[in-house]
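Here's the structure, in structure tokens; my notes come after.
A short reminder: the numbers here are calculations on the coordinates, not readings from a lab. All values reported here derive from a predicted model rather than from experimental measurement. Cβ: placed from backbone, ideal geometry, glycine included. Neighbour counts: every protein chain shown.
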Amino acid sequence: MKTLVIGGSGFVGSRLLSQVGTKDFINLDKNPSPFFNDITHIGDIRDLEKCGDLFSQTDRVILLAAEHRDDVSPVDLYYDVNVKGTSNVLKMMDRYKIKSLIFTSSVAVYGLNKINPDENHPLDPFNHYGKSKLKAEEVIRNWYEEQPEKKSVTIIRPTVIFGERNRGNVFNLLKQISNGNFVMVGKGLNKKSMAYVGNIVALILFVVKRNKLGYEVYNYADKPDLNMNELIAQIGKSLNKKIPSIKIPYLVGYLLGLFFDLFAFISKKKLSVSSVRIKKFCATTQFDSTKVMNEFSAPYSLNEGLDLTLKFEFNNDKKDGVVFYTE
């Protein structure tokens, strides 16, 4: 029997498949895989009726697929993919008597500026992505409770994931520093939890190998948490770049973000700067990962993950394939 990875053509999924090979894993994604098309089947979790053959070969599902960008439009897509899509996956699992699910949720379910929430913290998502992920978790919990003695569910709530080939918010920050275009918005005292992709994949494989019945929820963040001043200083040191001492007040930065929002709306272009991203940049996004660290040993430190990413992105002219993943 095989493990079905849904959403395995993306950033985390491709790293996962590179670690396990292709013998015992199948990939289902709406996009072709940049590296593993021999085990990739094209399909959309919004309509899985034609994918029964894949589920019939499977005894475990790893659900990575999601709408997660900051600027998804229309916003109904968050709920169509993240909630209804999850429901569709569970229906297919029931049809083919699959009892094991690993689901990547998000710390976005806690909201912004919370005080180091652990897994028992009240849930208060502030955007549609977080709200849709919370609803997906609720759907999964209800599915599990229908037959808890026979099912295995692990929900992983990672903080922002970074790593080689990713073209999300962390990469944009690294690129701005590398190009000498970075200016701090806010005082830089807000702390940021981050997660290196190599550790996220290692955690998923740890859960696969453990194969434990029950319902578990884990936050994931690499430690220690750095505030923005510390993080920027460390990146600048690694890149041998001088960080400007000028800091733009948060209100000014947020107003600039609104201006970029208006420009993006008029031009129909997706920009790397927005009011939401300014708000997230200046927010404290610090999360407790004590529970998972008591059970799982991350193979990379946060510093090692940053160093590997910086070396790959800015010190390597000949990358093994020109494949990058946008966030």
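Observations
- Near the amide H of N116, within less than 5 Å, lie the amide hydrogens of Q286, all on another chain or at least 5 residues away, with H placed in the peptide plane.
- Size descriptors for the chain, from the alpha-carbon set: Rg then Dmax equal 19.7, 59 Å.
- The calculated FRET efficiency for Q176 paired with D71, based on their beta-carbon distance and R0 = 30 Å, is about 0.95.
- Restricting the stretch 20-69 to trypsin sites (Lys or Arg not before Pro) in coil, as DSSP defines it, with at most 11 other Cβ within 10 Å: K23
- Taking G111, G13, G21 in turn, the Gaussian network model of the chain (Cα-Cα springs below 10 Å) assigns the largest fluctuation to G21.
- With respect to the chain, whose longest principal axis is taken over its alpha-carbon atoms, helix 250-267 is tilted by about 60°.
- The slack between D47 and L123, meaning 0.36 nm per residue of separation minus the straight C-alpha distance, is 24.4 nm.
- Normalised by the number of residues in the chain, the mean separation of alpha-carbon contacts (under 8 Å, six or more apart) gives a relative contact order of 19 percent.
- Sum of side-chain charges, E295 neighbourhood, beta-carbon under 11 Å (Lys, Arg +1; Asp, Glu -1): +2
- Computed over Cα pairs, the Kirkwood radius of the stretch 136-203 leads via Stokes-Einstein (1.306 mPa s, 10 °C) to a diffusion coefficient of 103 µm² per second.
- HN-Hα J in Hz across the stretch 163-171 - Karplus 6.51, -1.76, 1.60, θ = phi - 60°, x for Gly and Pro: x, 4, 6, 6, 10, x, 5, 5, 4
- Projecting label points 7 angstrom from Cα along Cα→Cβ for K23 and L258 puts them 5.9 nm apart.
- Between helix 128-145 and the chain: long-axis angle, C-alpha atoms, 0 to 90°, nearest 10: 30
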